[in-house]
Amino acid sequence: MKNMLTTISNALCRITGRNVGAQTVSELLIDLSEYVNVTSLATPTLAQTLRQPPKPPPVGPRAPAAAQLVSAQTDRLDGPGTSVVVSRSFADFTSQATFDIKKCDVHRLEEAPPLKAELTRDQGLQYYRVMQTVRRMELKADQLYKQKIIRGFCHLYDGQEACAVGIEAAINPSDHLITAYRAHGYTYTRGIAVKEILAELTGRKGGVAKGKGGSMHMYAPHFYGGNGIVGAQVPLGAGIALACQYQGNNQVCVSLYGDGAANQGQLFEAFNMAALWKLPCVFVCENNKYGMGTSVERASASTDYYKRGDYIPGIRVDGMDVLCVREATRFAADHCRSGKGPIIMELQTYRYHGHSMSDPGVSYRTRDEIQEVRSKSDPITMLKERMLSNNMASVEEFKEIDVAIRKEVEEAAQFATSDPEPPLEELCNHLFSNDLPLEVRGTNPWVQLKSVS
């Protein structure tokens with residue numbers, strides 16, 4: 001038995017890089033973070049070494065007993081039937097780590113976002129959970145569309161999850177956000193449940209807009225859509241920022257648009273007014289490399305979108321890294337809150353699906369290009385690997401989160417396909433926020449509908 005323990009000790013020391021004399025076998029086993037059962041060779045059945053993965057700690061609030069390391073061992077290691085049992089708990093994980101992030105390019109700025117980002121275990125798990133939920137929700141929407149349960153326009157957000165989650169992590173719930181028609185991810189990060197989003201896509205009464213808005217028109221408190229006209233949301237965002245300035249509430253507005261909308265004239269009109277009035281607006285260009293089926297190089301004489309504001313400062317950010325997006329957005333929001341006026345932020349990101357569901361997405365780019373981005377720059381995989389390599393979570397814990405998300409999305413899909421459609425008499429409801437009921441003409445003068453606020 002002693003010979004076997006000596007062999008194990010030497011092997012563990014080679015793996016962990018620790019000194020043999022500095023630690024006991026059980027301490028070395030703890031370093032390996034595995035469940036180990038070492039038994040005597042007295043009986044053939046006991047001679048087998050059983051190895052099992054550690055049971056992951058709960059994702060939710062920390063339980064009182066979870067902070068204690070579970071360890072049981074006998075007094076005599078050389079007796080028959082001797083066992084050493086070691087397992088992990090919450091206390092084994094690193095609670096916080098600092099990561100290097102990609103340097104941002106800057107325009108008309110003396111300072112730049114930091115090159116390092118701190119991440120707590122709870123933050124990491126939350127970012128992972130939200131990004132994975134958006135990913136699964138969009139894949140379910142893709143499935144429902146192909147089954148012809150979802151109809152009409154539908155623009156999916158998978159691949160760009162780090163943008164929405166990173167921005168939301170850096171601003172306050174009371175801050176404002178407006179985006180274009182690729183809006184499902186932001187609708188979720190602004191607090192709307194998955195089932196309400198999917199029900200809106202299927203045109204059901206339980207949808208976030210009562211089934212009357214569809215993919216491009218979803219709203220939430222301090223979230224103004226979802227806008228179908230290319231670039232039209234940007235001057236609206238400047239107007240929201242003007243309201244923040246007028247009210248003096250120290251809030252900012254994040255106004256998002258894509259590289260395809262970056263050449264719209266109304267953007268530059270909004271830029272000019274925002275710069276003149278020093279509005280607290282963060283203009284965000286989500287550059288996913290293609291405007292519909294046209295690459296940015298074929299559409300723009302200058303692809304440095306963060307410099308397009310001329311006299312407005314700008315930063316270019318790695319939009320596939322949630323920590324990089326978070327730090328850059330925090331920097332931009334602080335810039336606006338300090339009274340320095342607007343700022344432009346270009347997020348370099350990538351969409352895995354086509355422009356919309358009518359676009360297969362492989363006629364103007366290769367499948368190899370898409371797969372390369374998936375394998376090298378996927379935002380969810382990047383965060384997961386960071387946490388695993390820094391002992392901030394376990395593989396089993398991520399699997400549990402994935403299972404829970406799949407269940408949530410499946411239940412949401414069931415609701416979205418079983419909930420009733422809104423009746424015709426509710427078609428004109430909510431035209432106004434607080435007016436008395438009024439009659440609205442229908443498709444012809446003889447059809448009268450009623451609008452109830």
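Is segment 416-431 home to any residue that is under 29 Å from CYS324 (Cα atoms) and modelled with pLDDT of 90 or more? First the steps, then the outcome.
To start, the set of residues in segment 416-431 that are under 29 Å from CYS324 (Cα atoms) comprises none.
Looking through segment 416-431, none of the residues is under 29 Å from CYS324 (Cα atoms) and modelled with pLDDT of 90 or more.
Tell me, which helices (runs of 4 or more DSSP H) wholly within segment 346-453 include 2 or more residues that are open to solvent by less than 20 Å² (accessible area, probe 1.4 Å) and either on the phi < 0 side of the Ramachandran plot or not hydrophobic (A, V, I, L, M, F, W, C) (or both)?
Numbers: elements: 367-377, 379-389, 395-418.
Here the list reads 379-389, 395-418.
Of the residues PRO437, PRO420, PRO360, only one is touching a residue at least 12 places away in the same chain (Cβ under 8 Å) and under 31 Å from the mean Cα position of the chain (by Cα); which?
Working: PRO437 fails: under 31 Å from the mean Cα position of the chain (by Cα); PRO360 fails: touching a residue at least 12 places away in the same chain (Cβ under 8 Å).
Every option except PRO420 fails the conditions.
Can you tell me which residue within segment 91-113, out of those that are among the acidic types (Asp, Glu) and modelled with pLDDT of 95 or more, is farthest from the chain's Cα centre (by Cα)? Break it down into steps so the answer makes sense when it comes.
Residues of segment 91-113 that are among the acidic types (Asp, Glu), as a first pass: 92, 100, 105, 110-111.
Going one step further and asking which of them are modelled with pLDDT of 95 or more, we end up with 100, 105, 110-111.
Numbers: ASP100: 19, ASP105: 23, GLU110: 30, GLU111: 27 Å.
The extreme case among them is GLU110.
Kindly indicate whether MET357 is touching a helix residue (DSSP H, G or I) at 6+ places or on another chain (Cβ under 9 Å) and under 28 Å from HIS107 (Cβ atoms).
On the way: touching a helix residue (DSSP H, G or I) at 6+ places or on another chain (Cβ under 9 Å): yes; under 28 Å from HIS107 (Cβ atoms): no.
It is false that MET357 is touching a helix residue (DSSP H, G or I) at 6+ places or on another chain (Cβ under 9 Å) and under 28 Å from HIS107 (Cβ atoms).
Pairs, please: C-beta under 8 Å, at least 6 apart or cross-chain, first residue over 15 Å from VAL282 (Cα atoms) and touching a residue at least 12 places away in the same chain (Cβ under 8 Å) and in segment 315-328, second open to solvent by 10 Å² or more (accessible area, probe 1.4 Å) and among the small types (Gly, Ala, Ser)?
MET320/SER377; VAL322/ALA169
For ASP75, all conditions in the list (1) modelled with pLDDT of 95 or more; (2) of a type in the set (Asp, Glu); (3) open to solvent by 50 Å² or more (accessible area, probe 1.4 Å) hold save one; what is the number of the exception?
Of (1) modelled with pLDDT of 95 or more; (2) of a type in the set (Asp, Glu); (3) open to solvent by 50 Å² or more (accessible area, probe 1.4 Å), only one is false for ASP75: (1).
For residues in segment 164-181 being free of Cβ contacts under 8 Å to residues at least 60 places away in the same chain and within 12 Å of the chain's Cα centre (by Cα), which is surrounded by the most Cβ atoms within 10 Å (Cβ to Cβ)?
Taking segment 164-181 first, the residues free of Cβ contacts under 8 Å to residues at least 60 places away in the same chain are 164, 168, 173, 181.
Narrowing the set further to residues that are within 12 Å of the chain's Cα centre (by Cα) leaves 164, 168.
Numbers: ALA164: 28, GLU168: 24.
Among those residues, the one meeting the criterion is ALA164.
Mind checking which residues of segment 363-407 are among the hydroxyl-bearing types (Ser, Thr, Tyr) and closer than 30 Å to GLY291 by Cβ?
First, pick out the residues of segment 363-407 that are among the hydroxyl-bearing types (Ser, Thr, Tyr): 363-364, 366, 375, 377, 381, 389, 394.
Listed by number, the residues that qualify are SER363, TYR364, THR366, SER375, SER377, THR381.
Identify the single condition in (1) surrounded by fewer than 24 Cβ atoms within 10 Å (Cβ to Cβ); (2) of a type in the set (A, V, I, L, M); (3) free of Cβ contacts under 8 Å to residues at least 40 places away in the same chain that ALA270 does not satisfy, given that it satisfies every other one.
Failed condition: (1).
Just checking, how many residues over segment 295-336 are under 18 Å from LEU256 (Cα atoms) and in a helix (DSSP H, G or I)?
18
Among PRO445, PRO422, PRO437, which is the only one that is under 17 Å from ALA199 (Cβ atoms) and not β-branched (Val, Ile, Thr)? Outline the logic, then answer.
Values: PRO445 fails: under 17 Å from ALA199 (Cβ atoms); PRO437 fails: under 17 Å from ALA199 (Cβ atoms).
Sole residue among the options that is under 17 Å from ALA199 (Cβ atoms) and not β-branched (Val, Ile, Thr): PRO422.
Do any helices (runs of 4 or more DSSP H) entirely within segment 182-264 hold 1 or more residues that are farther than 25 Å from TYR350 by Cβ, without any contact (Cβ under 8 Å) to a residue 40 or more places away in the chain and among the hydrophobic types (A, V, I, L, M, F, W, C), and if so, which? Walk me through how you get there before you give the answer.
On the way: elements: 184-189, 194-201, 233-247.
Where helices (runs of 4 or more DSSP H) fall fully within segment 182-264 and carry at least 1 residues being farther than 25 Å from TYR350 by Cβ, without any contact (Cβ under 8 Å) to a residue 40 or more places away in the chain and among the hydrophobic types (A, V, I, L, M, F, W, C), they are 233-247.
For segment 129-156, which positions are under 10 Å from the mean Cα position of the chain (by Cα) and of a type in the set (Ser, Thr, Tyr)?
Filtering segment 129-156 for residues under 10 Å from the mean Cα position of the chain (by Cα) gives 129-135.
Once the filter is applied, which keeps residues that are under 10 Å from the mean Cα position of the chain (by Cα) and of a type in the set (Ser, Thr, Tyr), segment 129-156 yields only THR133.
What tally of residues in segment 115-162 results from selecting those that are of a type in the set (Val, Ile, Thr) and outside any helix (DSSP H, G or I)?
So the count comes out to 3.
The values are calculated or read from the model by the stated rules, or taken from the named source; none is laboratory data. Please read all numbers here as calculations on a predicted model, not as lab measurements. Every residue, glycine as well, gets a Cβ built from its backbone with ideal geometry; the counts of neighbours run over all protein chains shown. The area values use the complete protein model at the heavy-atom level, side chains included, leaving out ligands, DNA and RNA. Shrake-Rupley method; radii C 1.70, N 1.55, O 1.52, S 1.80 Å.
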